[in-house]
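The values are calculated or read from the model by the stated rules, or taken from the named source; none is laboratory data. On a predicted model such as this, the values are computed, not experimentally measured, just so you know. Don't worry about glycine lacking a Cβ; one is built from the backbone with ideal geometry, like all the others, and counts go over all protein chains shown. Surface areas here come from the heavy atoms of the whole protein model, side chains and all, with no ligands, DNA or RNA. Shrake-Rupley method; radii C 1.70, N 1.55, O 1.52, S 1.80 Å.
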Amino acid sequence: MPSEAIDPHGVVWTGVSKNYLKVRLLGWLLTAVIWLVVLSVPLVLVLIGVWTWLPLWVIWSLIALNVVISAWTGLLIPRQVRAIGYAERDDDLLIRSGVFFQRAMVVPYGRMQYVDVSVGPVERAFGLCSLKLHTAAVATKAEIPGLPTDEGARLREQLSARGEAKLAGL
Amino acid sequence: MSVPAEEQAPDPAVIDNPQDAWHRVHPISPMVRGWLAIVAVLFVFGRDRVEGIFMGEAEALPSDAIWWIVGVGAAVVVVIAVFFYLSWRFTRYQVTAEHVKVNSGVLFRQQRQARLDRVQAIDLMQPLLARIFGLAELKFEVADAGESAVKLSFLKLQDARTLRATILSRASGGADDESGPQDQPEEAEHRVLHVTPGRVFGATLLSGATIALLLLAIIAVVMSFLLDEPLVITGLLPVIIGIVASYWTTFSSSFNFRVSVLEDGIRLRYGLLDTRTQTIPPGRIQAVSVVQSPLWRFTGWYKMRLNVAGYGGAAGQPASGGNTLLPVGTKQEVLQLMALVFPDPGTEDPLGLFHAGLEGKNDDAGFTTSPRRVRWISPFTWRRNGFVVTRTALVARSGAFWRHLAVVPHERTQSMALERGPLSRRFGAMDLVMHTTPGPVAVRVRQMDKHTAVELFDLQSSRAAEARKHSVGDRWREHHDEQDSERGGELTHG
């Protein structure tokens, strides 16, 4: 995994599963198709002459815009997935994410209040799960998506054990 | 919870340990809470009659109908009274050495239990009607897994005060086991600060609402000029009502604001019609900010806000109020309160530090500011954006027009993040965000040089880890000696 300027020094990041890319691409495909279907409704209506008030070029340009945006987000997904990483240190867990809006976050083990592991239907099909950490601060939006199920379970146990060992008050 | 509606606890008289006795709240509390319902009933049934009399139509109503109305009205009153009685009857509370427990609810029973050593703040609230009856509501925030506050409404004012003192002394871990059953006497407190009504009035006039009002007036005048029509006030009426309401809220909630110190923390009192007394034990304040709006610069006033777990009040989050440490004060008063809230600022020159934080720019008092190159994306604030790390806290400064200063102790940092968008990246800058418990104080060190930011991130996480190891426990009195000896040890080493 490439280390960029935003990263703290000397951190070795663990990336998420390659399967997570497939999950994201599936989701992306579904969204793109839904948008295309939604936008093609007025197109059909205008083409068969039910709607006459809407000029044809407006619809075509909307569809073109949609295709461009979809292609753009689709191309970004691999980079976004590659950008997600985490690292376990002695006292805290580091999480990074984002391509354009980058974020590197540190959550001390002693501050964790609970750890959630969730699995959606698509994630399950690919043997993945997501891990969420909660502290007393709501702003801590610490989520690691696309972990292999085993790794998720291991991490959860590890974090809970370390959290208990280092538990601090508020 | 579907526990059948039966008595949960034995009768207080049978209990041998008087300390764990169950108590009831004051009998008229449901009425004080539900007075709106009574007023509504009176209004609905009384209106017809009164209107009838005024219209001279009283005779037109058949006498049967009057009896019907009176009958139904009486029935509703009886139902409400029975409900009030039951709701009072089923509300009980108990204060043990470890917990406060409250049982309530008639059909849906609710049992709430709070650990005393987790108490974050105790509020004594008196809505107007409760004040008339000499009652008070006691509310304590515990911040356990997002569960909201435990409330006791209503108790006699004196009882509420005694109970507060008892809870504080047990929560502090300083209470003698011998004196456990007895109620603690009220602690002596020392008045530090009093905001005069005149200043509150002035501050309200110079608040953000006035800026909104001025903008609105300008828009209205320009619009009428452009449209060549006389001023149209009616369209702006909702906005004006909103602004007036905001004036009222600001004024009434800052009125008669007083701060005092006691051994168990600091105490804030305020309110015009509804009054509130907050007691915040030591070590419960998670972060503090000082802000100055442009209009207040002429008068040299500042406002201080704080984050306490359980109070909430973050942008877009439900708030229970109580996030104001000082509604309006001079720099002197701000410094005085800072010293109270953070007795150990961890620097040789706290005055110089806060002076520079409040109105300084560039690198006064050791502030590290944004690199010069970010002046293109923040031409006004780049000299102000900055931070200082002291031995005990991180001080973050920002804002050129709305001046902002935030302080978060190392041991209160929950987590933190480095963030940057495409624009910051282009200019080699980064933000460091410190996460504390929800509240109005957001700590963000803005647009630092990327290497500085990464270094700060690294150092800050190790400082926070170090500070957590030495932090005082929940029971603030218990750990006094231990803490002192630890500090002494550190000094000799360092």
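Kindly indicate whether any position in segment A:97-119 is out of contact with any Cys (no Cβ under 9 Å at 6 or more places or on another chain), of a type in the set (F, W, Y), assigned to a strand (DSSP E or B) and surrounded by fewer than 17 Cβ atoms within 10 Å (Cβ to Cβ). Yes, that holds for at least one residue. Look through segment B:430-446, keep the residues that are surrounded by fewer than 24 Cβ atoms within 10 Å (Cβ to Cβ), at the interface with another protein chain (Cβ under 10 Å from one of its Cβ atoms) and more than 21 Å from B:R373 (Cβ to Cβ), and return whichever of them is modelled with the highest pLDDT. Across segment B:430-446, the extreme among qualifying residues is B:V433.
Being open to solvent by 20 Å² or more (accessible area, probe 1.4 Å) and within 14 Å of chain B (Cβ to nearest Cβ) is the filter here, so list the residues in segment A:137-150 that pass it. Those that are open to solvent by 20 Å² or more (accessible area, probe 1.4 Å) and within 14 Å of chain B (Cβ to nearest Cβ): A:V138, A:A139, A:K141, A:E143.
The single residue among B:I132, B:I122 that is at pLDDT 85 or above, of a type in the set (A, V, I, L, M) and part of a helix (DSSP H, G or I) turns out to be B:I132.
When segment A:120-133 is filtered for residues that are open to solvent by 50 Å² or more (accessible area, probe 1.4 Å) and part of a strand (DSSP E or B), only A:K132 remains.
Tell me whether segment A:18-29 contains one or more residues that are within 31 Å of the chain's Cα centre (by Cα) and farther than 30 Å from A:I84 by Cα. Scanning segment A:18-29 turns up no residue that is within 31 Å of the chain's Cα centre (by Cα) and farther than 30 Å from A:I84 by Cα.
Regarding segment B:370-379, can at least one residue be identified that is at pLDDT 90 or above, crowded, with 19+ Cβ neighbours inside 10 Å and either within 14 Å of another protein chain (Cβ to nearest Cβ) or under 21 Å from B:T347 (Cβ atoms) (or both)? Within segment B:370-379, none of the residues are at pLDDT 90 or above, crowded, with 19+ Cβ neighbours inside 10 Å and either within 14 Å of another protein chain (Cβ to nearest Cβ) or under 21 Å from B:T347 (Cβ atoms) (or both). Tell me whether segment B:396-408 contains one or more residues that are more than 14 Å from chain A (Cβ to nearest Cβ), buried (at least 24 other Cβ atoms within 10 Å of the Cβ) and closer than 15 Å to B:Q460 by Cα. Looking through segment B:396-408, at least one residue is more than 14 Å from chain A (Cβ to nearest Cβ), buried (at least 24 other Cβ atoms within 10 Å of the Cβ) and closer than 15 Å to B:Q460 by Cα. Of the residues A:D91, A:D7, the single one that is open to solvent by 40 Å² or more (accessible area, probe 1.4 Å), of a type in the set (D, E) and touching a residue at least 60 places away in the same chain (Cβ under 8 Å) is A:D91.
Restricting segment B:410-427 to residues that are more than 8 Å from chain A (Cβ to nearest Cβ) and more than 30 Å from B:K469 (Cβ to Cβ), the residue that is surrounded by the most Cβ atoms within 10 Å (Cβ to Cβ) is B:S424. Selection over segment B:450-462 of residues that are crowded, with 20+ Cβ neighbours inside 10 Å and more than 8 Å from chain A (Cβ to nearest Cβ) gives a count of 3. Of all residues in segment B:138-174, those satisfying the criterion of being among the aliphatic types (A, V, I, L, M) and either modelled with pLDDT of 90 or more or part of a helix (DSSP H, G or I) (or both) are B:L138, B:L155, B:L157, B:A160, B:L163, B:A165, B:I167, B:L168, B:A171.
Put simply, of B:A287, B:A315 the only residue that is in a loop (DSSP other than H, G, I, E, B), of a type in the set (A, V, I, L, M) and either at pLDDT below 90 or surrounded by 19 or more Cβ atoms within 10 Å (Cβ to Cβ) (or both) is B:A315. Restricting attention to segment B:17-33, the residues being modelled with pLDDT under 80, assigned to a helix (DSSP H, G or I) and open to solvent by less than 70 Å² (accessible area, probe 1.4 Å) number 2. The set of residues in segment A:156-170 being open to solvent by 30 Å² or more (accessible area, probe 1.4 Å) and either more than 14 Å from chain B (Cβ to nearest Cβ) or at pLDDT below 85 (or both) consists of A:R156, A:E157, A:Q158, A:S160, A:A161, A:E164, A:A165, A:K166, A:L167, A:G169. Cβ separations smaller than 7 Å between residues 6+ apart or across chains give the following pairs from segment B:154-165 residues that are open to solvent by 70 Å² or more (accessible area, probe 1.4 Å) to residues that are outside any helix (DSSP H, G or I) and modelled with pLDDT of 90 or more: B:K156/B:G134; B:K156/B:L135.
Evaluate segment B:243-264: report whether one residue or more is basic (K, R), open to solvent by less than 50 Å² (accessible area, probe 1.4 Å) and at negative phi. Checked segment B:243-264: no residue is basic (K, R), open to solvent by less than 50 Å² (accessible area, probe 1.4 Å) and at negative phi.
If you check A:A153 against the conditions, is it farther than 27 Å from A:I34 by Cα, open to solvent by 20 Å² or more (accessible area, probe 1.4 Å), more than 9 Å from chain B (Cβ to nearest Cβ) and at pLDDT 90 or above? Considered against the rule, which asks whether it is farther than 27 Å from A:I34 by Cα, open to solvent by 20 Å² or more (accessible area, probe 1.4 Å), more than 9 Å from chain B (Cβ to nearest Cβ) and at pLDDT 90 or above, A:A153 comes out as yes. Would you mind stating whether B:L325 is of a type outside the set (D, E, K, R), over 26 Å from B:T452 (Cα atoms), part of a helix (DSSP H, G or I) and within 23 Å of the chain's Cα centre (by Cα)? Considered against the rule, which asks whether it is of a type outside the set (D, E, K, R), over 26 Å from B:T452 (Cα atoms), part of a helix (DSSP H, G or I) and within 23 Å of the chain's Cα centre (by Cα), B:L325 comes out as no. Here is a check on your reading of the model: is B:R49 more than 20 Å from B:L152 (Cβ to Cβ), modelled with pLDDT under 85, among the basic types (K, R) and surrounded by 13 or more Cβ atoms within 10 Å (Cβ to Cβ)? Here the answer is yes, as B:R49 does meet what is asked. The residues of segment B:70-97 that are open to solvent by 30 Å² or more (accessible area, probe 1.4 Å) and charged (D, E, K, R) amount to a single one, B:R89. Of all the residues in segment A:99-133, those that are at the interface with another protein chain (Cβ under 9 Å from one of its Cβ atoms), farther than 19 Å from B:Q460 by Cβ and touching a strand residue (DSSP E or B) at 6+ places or on another chain (Cβ under 8 Å) number 3.
Checking each residue in segment B:263-284 for being part of a strand (DSSP E or B) and more than 18 Å from B:V308 (Cα to Cα) picks out only B:T275.
Contact map, segment A:29-42: residues that are open to solvent by less than 80 Å² (accessible area, probe 1.4 Å) paired with residues that are of a type in the set (F, W, Y), Cβ distance under 7 Å, separation 6+ or inter-chain. Pairs shown: A:P42/A:W51.
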